[in-house]
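Visitor: Can you keep this structure in mind? I'll have questions shortly.
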Amino acid sequence: MSRLGSALPAEHPPRGRAGSTPSPSGNFAVHELGEGRLEPTHPVERVQKVLQIDATGAPPNLLERLLVGSYITGHDQVLITARGGITPAQRLEIHRVVDRTLGMTVVGDTPTSVEVQNFVDPGKFELPRLIHRVVQMLRTELGICRTALLESDVRQLPTLESMEEEIDQLYLLMVRQLLLSSDSPRIARSIDVASHHYQIGDRLVAKMLEVLGDLIHGIGTELEGHLPGLHRMPPNLVHLLASRIERLEHLLAHTMDAFGRLSVIDANATLNEIGQMLTKDANLGQMISRGVPDRKVAIAAQRIACDLVMALEMLIVVNEVTINRSVEPESLGHTGDRGRLSAREAPVPPRISAPSAYR
């Protein structure tokens with residue numbers, strides 16, 4: 001798709017990895033994992049996966065969801081047919097999902113069938129770079145929301161829609177890469193997933209970031225629809241919501257920095273800080289209802305507060321993945337059977353300044 005190049009970071013030469021040595025028989029290669037460990041891998045190219053879907057009588061939205069499922073489970077080609085022909089509604093569903101999925105294209109379109117091809121190379125994009133791109137966009141969205149709330153400026157709010165679409169596209173791409181890597185050590189190495197132990201955690205983190213994008217988009221929607229009224233709220237409530245948006249951005253940066261460095265101390269400090277914030281904000285909804293007489297504005301402000309709380313809960317999950325991963329067998333193998341307790345300034349909680357890895 002035309003957006004594929006613009007949505008992803010510029011490619012860099014692959015990092016040095018252990019090499020593969022052909023076996024005498026030529027049927028497989030031996031990949032060196034280090035410390036005397038070897039792993040057999042097949043040098044042949046991945047077999048193309050083809051899925052056929054009979055869409056006859058399919059209920060609304062099922063075909064769209066099946067196409068998404070075929071994409072993330074690694075199918076390269078999907079042939080959709082229906083007795084009596086593809087209906088206009090079904091054709092609309094097909095093109096709707098194709099238009100918002102990276103690397104998915106309609107290559108054949110007749111009255112009786114539609115052929116869809118997924119052109120994404122399963123090992124082309126490293127997972128940390130995809131996560132980095134998503135985090136960048138999430139932080140940009142939060143900055144736009146905070147600026148709109150403080151300055152009553154709606155000019156950048158419409159851009160949240162396209163950014164949210166891109167986050168959804170990258171989420172599907174991450175899941176596709178991870179599921180394909182579960183069957184192929186070669187693909188796992190190509191996308192920089194060090195161990196199969198990490199794949200479930202990586203999928204969970206990707207999902208939490210995607211849900212976080214939905215929540216921030218929801219905040220933007222409330223701001224765009226009710227900004228004049230929200231800006232007329234008592235100044236203390238306006239600045240309270242704005243400060244919570246800013247704090248969420250900082251906590252997101254700290255969370256993903258700890259995840260990338262596998263820092264138990266920093267993840268634990270962020271969890272403690274989130275716990276304190278959730279306790280402090282327990283009565284935020286009541287404060288809004290008492291301080292905002294306009295019912296519609298009060299409801300919009302409460303929805304923003306609710307989305308902020310749910311966003312913090314997404315970050316809790318990511319930090320828990322970091323801590324759990326630190327005691328995975330593969331992680332302990334690299335740290336001498338000791339959990340990593342490193343921090344930027346252990347054991348002081350994370351600083352407010354954004355980590356360079358996620359600027």
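The values are calculated or read from the model by the stated rules, or taken from the named source; none is laboratory data. Here the structure is a predicted model, which means the values were calculated and not measured. Please note: Cβ atoms are built from the backbone with ideal geometry, for glycine as well, and neighbour counts cover all protein chains shown.
Visitor: Among the residues of the range 198-211, is any among the hydroxyl-bearing types (Ser, Thr, Tyr) and touching a Pro at 6+ places or on another chain (Cβ under 9 Å)?
Guide: No: zero hits.
Visitor: Would it be correct to say that ARG186 is assigned by TED's automatic domain parsing to the domain that holds VAL238, in contact with a Lys or Arg (Cβ under 9 Å, 6 or more places away or on another chain), basic (Lys, Arg) and surrounded by fewer than 21 Cβ atoms within 10 Å (Cβ to Cβ)?
Guide: So ARG186 fits the description; yes.
Visitor: Ok, one more. Any idea how many residues of the range 82-101 are part of a loop (DSSP other than H, G, I, E, B), within 23 Å of the chain's Cα centre (by Cα) and buried (at least 19 other Cβ atoms within 10 Å of the Cβ)?
Guide: 1
Visitor: Further question: Of all residues in the range 142-156, how many are under 16 Å from PRO228 (Cβ atoms) and surrounded by fewer than 20 Cβ atoms within 10 Å (Cβ to Cβ)?
Guide: Summing the residues that are under 16 Å from PRO228 (Cβ atoms) and surrounded by fewer than 20 Cβ atoms within 10 Å (Cβ to Cβ) in the range 142-156 gives 7.
Visitor: Of everything in the range 244-276, what is surrounded by fewer than 17 Cβ atoms within 10 Å (Cβ to Cβ), modelled with pLDDT under 95 and among the polar types (S, T, N, Q)? Give them in sequence order.
Guide: Passing the criteria: only GLN276.
Visitor: Please count how many residues of the range 63-81 are in contact with a strand residue (DSSP E or B) (Cβ under 7 Å, 6 or more places away or on another chain), surrounded by fewer than 18 Cβ atoms within 10 Å (Cβ to Cβ) and in a helix (DSSP H, G or I).
Guide: Number satisfying all stated conditions: 0.
Yes/no per residue for (1) surrounded by 16 or more Cβ atoms within 10 Å (Cβ to Cβ); (2) on the phi < 0 side of the Ramachandran plot; (3) modelled with pLDDT under 85:
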| residue | (1), (2), (3) |
| --- | --- |
| LEU178 | yes, yes, no |
| ALA194 | no, yes, yes |
| GLY201 | yes, yes, no |
| GLY213 | yes, yes, no |
| ILE216 | yes, yes, no |
| HIS226 | yes, yes, no |
| HIS231 | yes, yes, no |
| PRO234 | no, yes, no |
| LEU241 | yes, yes, no |
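Visitor: When ARG359 is evaluated against the numbered criteria (1) farther than 21 Å from ASN268 by Cα; (2) at pLDDT 50 or above, which criterion, by number, is the only one it fails?
Guide: For ARG359, the failing item is (2).
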